[in-house]
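Structure, as structure tokens:
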Amino acid sequence: MTSRRAFLKSSGVALFSLGFTAIPEFVAKAALATYNQTTRKKVLVCVFQRGAMDGLMAVSPFTDSNFTNARNRLRMSVGGENGLIDLDGRFAFHPAFKPFKPLYDSKQLAIVHGIGSPDTTRSHFDAQDFMENGTPGKKSDTGWLNRATSKLKGTASPFQSVAFTSALPLSMVGPATTLAVDDLRNFNVKVPGATSLMQSSTAESFESLYEQTSQELLRNNGKESFEAVRMLQSLNAQNYRPAAQYPQSPLANHLKQVAFLIKNSVGLEIAFVESTGWDTHVQQGTVNGQFSRVAADLSQSIAAFWNDIEQHHDDVAVLTMTEFGRTVKENGSGGTDHGRGSCMFVLGNAIAGGKVYGNVPQLAPENLADGRDLPVTTDFRALFTDVAASHLRINNAASLFPSWSGSPTNVFK
């Protein structure tokens, strides 16, 4: 039988609700302490684009004939209602990224191109693991965001580090306390790896454990979960009305909940959300199609989130990431296959934006990785280190990434 201590340790991942009408009495009793924030925190919002975004379609080097000649069905031109959106005479946004253009023009949004992992795997699973661990080519027991959480200064809130996912993402796994919030409208507590039968009896088990060992609950990881429930209860969250119009999508819903936590000053410092559907092997499309749909959702959701938290722009930065890019040449199915370099976006008032950072060479065959891919000219750790040091103000941020000794990207002012 699992010990009480092991049960509590494994149950530190809690899912809470925006619309619950009652919190179990045993939870309210256990939440004896409430976090009181006295200073505004810097908040990093990470958006993982799972499936590997075609960075060359997102931000196209439209003047490079090597690129345009490599894409027959996927070729697009600049201008017009549905054309590429010129950024600087060399690069252009896909039209689905139109909501990003005002942010780029206001120099709040920067693009880092040719970015990715130095590891050459084309496996989604391995590449995502390496990026979330922050250790290319080697899997780790801890994620880089968990290591970052452990280095944050000041009084910690139970909402200090939150993933809006159904299970804790690898980037947030580790000894620092983190929460996984699937949906704030459906309160429950989940035990990682539990069977359906175990899940159905979780609340009863927790109540029984509380009655037996309430003091132990307060000394272990369960305490943060209970405090978080107590805090949510006092926020009157069911009456929250965002200050922006969000799309109807899981990503938008999660970003709306991140905005809710930011605006209620609960001590959030790191948030993690996911965008899916970027694996575009077949019928990738141009103005219409899979890429356009997920790109529009990403850009509209982030733009709505940014509008929603307007009074907090000085405190918030948004970082996107994707495990790798896609091939320069389209495939026979009207899509693109697994590649190497892609692009990432960074948004914030402290960003030296309105610029495409990184090195994207002319896409002639002799300049491509393995003769087919945009080469990785910027290690993702250079950007992640820059964000951790410049925004989260983590001293010696390079130590978050073992065995790496490169230079940061310097995308901050």
Fill in: Residue list for the stretch 35-92, filter: under 30 Å from MET172 (Cβ atoms) and among the polar types (S, T, N, Q)
ASN36, GLN37, THR38, THR39, GLN49
Worksheet item: So ARG147 fits all but one of (1) assigned to a loop (DSSP other than H, G, I, E, B); (2) more than 19 Å from VAL266 (Cβ to Cβ); (3) in contact with a helix residue (DSSP H, G or I) (Cβ under 7 Å, 6 or more places away or on another chain); what number is the exception?
Response: (1)
Worksheet item: Of all the residues that make up the stretch 248-267, how many are under 15 Å from the mean Cα position of the chain (by Cα), among the polar types (S, T, N, Q) and surrounded by fewer than 20 Cβ atoms within 10 Å (Cβ to Cβ)?
Response: 1
Worksheet item: When you go through LYS139, LYS151, LYS98 one by one, which is the residue that is closer than 24 Å to VAL273 by Cα, among the charged types (D, E, K, R) and modelled with pLDDT under 95?
Response: LYS139
Worksheet item: Looking only at residues in the stretch 239-256 that are part of a loop (DSSP other than H, G, I, E, B) and of a type outside the set (A, V, I, L, M), which one is nearest to ILE309 (Cα to Cα)?
Response: PRO242
Item to complete: Please specify each residue of the stretch 268-307 satisfying the condition of being surrounded by fewer than 22 Cβ atoms within 10 Å (Cβ to Cβ), farther than 24 Å from GLY335 by Cβ and in contact with a Pro (Cβ under 8 Å, 6 or more places away or on another chain).
Response: ALA304
Discussion item. Against the definition (of a type outside the set (Phe, Trp, Tyr), more than 26 Å from THR385 (Cα to Cα) and surrounded by 21 or more Cβ atoms within 10 Å (Cβ to Cβ)), how does ALA96 come out, yes or no?
Written reply: yes
Worksheet item: Could you say whether any residue in the stretch 349-371 is in a loop (DSSP other than H, G, I, E, B), closer than 26 Å to GLY89 by Cβ, aliphatic (A, V, I, L, M) and free of Cβ contacts under 8 Å to residues at least 60 places away in the same chain?
Response: yes
Item to complete: Please work out if LEU168 is farther than 30 Å from SER65 by Cβ and crowded, with 19+ Cβ neighbours inside 10 Å.
Response: yes
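The values are calculated or read from the model by the stated rules, or taken from the named source; none is laboratory data. Being a predicted model, the structure only gives us computed values, none of them experimental. Don't worry about glycine lacking a Cβ; one is built from the backbone with ideal geometry, like all the others, and counts go over all protein chains shown.
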